[in-house]
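The values are calculated or read from the model by the stated rules, or taken from the named source; none is laboratory data. What you see is a predicted model, and the numbers here were worked out from it, not measured in a lab. For neighbour counting, all protein chains shown are included, and Cβ atoms are generated from backbone atoms with ideal geometry for every residue, glycine included.
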C-alpha cells in the first residue's frame, strides 16, 4: 500500500470509530455549548472585541480537549500494531487531517452558538472563514504533534497543556489579529501578509512534524 | 592555556563593554525647556536646562535657534548664561509665523564650541493668532544655521526619555541576542542527537537550553527594570516582552518534559523532538510578529529601528562586542553544566 | 537545572524588584536622579545577582556529586 491509500484507510477508520462511539464527539460538542453559555451568563453584554477574543479562547480549549485523545488515548498494543503495519507519516498525516476536520466542525459550531447567543459581529464572512480554516489546521497540527509527544510520558494530560499552550500562542495571536480584521476592528491593509504568514507557519509546522515524527515513533 | 583562550576572551570583552559602556560620557543635551509654549508677536524668554553642558565656558560664542521642520529658523536675540546647566534664551517672535497652522512645534537648537550642537526635537510650541503667510515671509528674519560644532571627545547620544539609561543597550539587549545564539546552538545539538544518537549531543543541547533560559530570565528582569523608568511600568504588555515570556514558557516546558521521563534514552529523544518543534514554531515569529504590531521597542510599528539614529557608531563599538562577550560567557557556563551532567551520568552507570 | 533557574528568577524578583520599588517610592526619586544612572546600576546589579545565584546552585549540585563519588569510592 502506498502512503496515500494508507492515509485514506486510516482516515476512514478514524471517522468510523468516532461515529461508533458518539459519546466522545457529543461530549466535545456539549463542552462547547456549555462553555459558550457560561461565557454568556458571566458577560451578558458582549462587544465585538470581546466576542473575537472569546471565540478563539473557547476554540483553543475545546481544541485541546478534542485533539488530546488522538495519541494519548490509543493503547500501546494498538500503536505497536500500527507500527508494524503502516508508515509513520501516514499515521501522523491522517490524524492531522482528521483533527483539522473535527476542529473545523468545532469552530463552526462555536461560531453558531456564539452568534446565536451574543450576536454575529462578523462583517467579512470570507476572511473569517479563511481564518477559521487556517486556525483549525494550525491548532490541529500543533496539538496533534504535541499529543504524540505527551503520549510518551506518564502524566500526559497535564503535559499536553504545558507543552502545547506556549507553542500555540504565536498562532493564536495571529488568528485573533486576522479575525479582528473580519470583524472590522482593524483596518484591512495587511490581510494578505498575515494570511500568508499564518499559512507559512502552518506549513513549517507540518514539515517539522513530518520530519520529526519517525524519531518519536521509534520505540 | 590553549583550552581557555575563549573564556579569557569573553571576560576581556565583557570588561571592555563595562568600562566603555559606563565611563563614556553622554553627549550634551537639553533635558528641559520652560515655558514649553510661546506666543507670536512677543519677546519671550525660555529657560533651558542642559545635560552635561558647560554653558559658562566660551559663553560669548553660544548660539541658539528655534527651527521649523522646513529649515526656517529664528536666532535667539540674547543669551544669558546662569550657570553651566542653565541658560536663558530670549527670542523676538514676529507677529506672523511662516506656517500654515495656528500652532506648530519648533525644535530648539543650541550650539556651543565646547559642547557641540544639542537639540530638543519638537520641544516648543508656538501659537499665532492668525495665519498670514505673505506677511510672515516679510517679517521673518530667517537665520542661517551654519558652522555647527561637533563635540570632539567620544560620547554616547543623548535621548531625553532615556538619559543615562541608554547605556542599558549594552547590558539588556545583548542578553537577548546571546540567548538566541545559544538557544539556536541547543537546537542544532538536538538535531545532531537525532541523527547520530549520541548521548553527549543531547547533554550539550540540554546545557545550552539551560543557559539560554538563564539569559532569558536575566533579560526579562533587566528589561522590566529599564521599562519601569522609561515606559512607567515593569510590564507594559509590549509585544516583545510577551513574545520573550512565551519563549521562556516553552523552554520551561522543555525541562518539565525532560523531568517526566525516567529512561534516559527516551528522555533525550522526546526532549530533542520537542526542542526542535518548539524552536521552529517560535523563532520565526519572534522576528515577524513584533514587526506587524505596534511595539514600544525600537524597530517595530513605525518606531525607529536600530538604525543610524538609535545606534550610532560609538554605540556599535560597545554593543556588538557585548553580544559576543555574553555568548562566550554563556558557552562557558554551558560547558560547566555539560561537565556536571557528564559526571552525573557516569556516576549513574557505575 | 530548571529549579536553579526558577530560584534565580524568584530570588531576583524577591530582592531587586522590591528594592527598585522602594527607591521609586521616595519622593526625591533617587532612581531618577543623575539622569537615571541608578537604573543602569540596578540592571547591572540584577545581572550580577542572577548569575551569582545560578552559580551557587551549580556549586551545590557539584558538591552533591562529589559526595556521591566519595561514598562510592
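In a loop (DSSP other than H, G, I, E, B) and more than 8 Å from every other protein chain (Cβ to nearest Cβ): which single residue out of B:204, B:233 fits that description? Among B:204, B:233, only B:233 is in a loop (DSSP other than H, G, I, E, B) and more than 8 Å from every other protein chain (Cβ to nearest Cβ). Only one of these is within 9 Å of another protein chain (Cβ to nearest Cβ), surrounded by 17 or more Cβ atoms within 10 Å (Cβ to Cβ), out of contact with any strand residue (DSSP E or B) (no Cβ under 6 Å at 6 or more places or on another chain) and modelled with pLDDT under 75: B:257, B:292. Name it. Going through B:257, B:292 in turn, just one is within 9 Å of another protein chain (Cβ to nearest Cβ), surrounded by 17 or more Cβ atoms within 10 Å (Cβ to Cβ), out of contact with any strand residue (DSSP E or B) (no Cβ under 6 Å at 6 or more places or on another chain) and modelled with pLDDT under 75: B:292. In the range B:260-273, of all residues being under 30 Å from residue B:175 (Cβ atoms) and more than 7 Å from every other protein chain (Cβ to nearest Cβ), the one that is surrounded by the most Cβ atoms within 10 Å (Cβ to Cβ) corresponds to B:272.
Filtering the range B:16-40 to residues that are more than 13 Å from chain C (Cβ to nearest Cβ), in a helix (DSSP H, G or I) and surrounded by fewer than 17 Cβ atoms within 10 Å (Cβ to Cβ) leaves only B:16.
Scan the range A:50-75 for residues that are modelled with pLDDT of 85 or more and farther than 21 Å from residue A:100 by Cβ and the total you get is 5. Facing chain B (nearest Cβ under 7 Å), modelled with pLDDT under 60 and either over 17 Å from the mean Cα position of the chain (by Cα) or buried (at least 18 other Cβ atoms within 10 Å of the Cβ) (or both): does that describe residue C:20? So residue C:20 passes the test. Among the conditions (1) at the interface with another protein chain (Cβ under 7 Å from one of its Cβ atoms); (2) farther than 30 Å from residue B:163 by Cα, the only one that residue B:217 does not satisfy is (2).
Looking at A:148, A:200, which one is outside any loop (DSSP other than H, G, I, E, B), surrounded by fewer than 20 Cβ atoms within 10 Å (Cβ to Cβ) and within 11 Å of chain B (Cβ to nearest Cβ)?
Only one candidate passes the filter, namely A:200.
Restricting the range B:329-347 to residues that are under 15 Å from residue B:202 (Cβ atoms) and touching a residue at least 12 places away in the same chain (Cβ under 8 Å), the residue that is nearest to the other protein chains (Cβ to nearest Cβ) is B:337.
Within the range A:144-156, can one find any residue that is farther than 16 Å from residue A:70 by Cβ and in contact (Cβ under 8 Å) with a residue 60 or more places away in the chain?
First, pick out the residues of the range A:144-156 that are farther than 16 Å from residue A:70 by Cβ: A:154-155.
Filter again for in contact (Cβ under 8 Å) with a residue 60 or more places away in the chain, leaving none.
Checking the range A:144-156: not a single residue is farther than 16 Å from residue A:70 by Cβ and in contact (Cβ under 8 Å) with a residue 60 or more places away in the chain.
Per the conditions (1) assigned to a helix (DSSP H, G or I); (2) touching a residue at least 24 places away in the same chain (Cβ under 8 Å); (3) more than 17 Å from the chain's Cα centre (by Cα), the sole criterion not satisfied by residue A:194 is (2). Restricting B:337, B:323, B:329, B:333 to those that are modelled with pLDDT of 90 or more, over 24 Å from the mean Cα position of the chain (by Cα) and closer than 20 Å to residue B:17 by Cα reduces the list to B:333.
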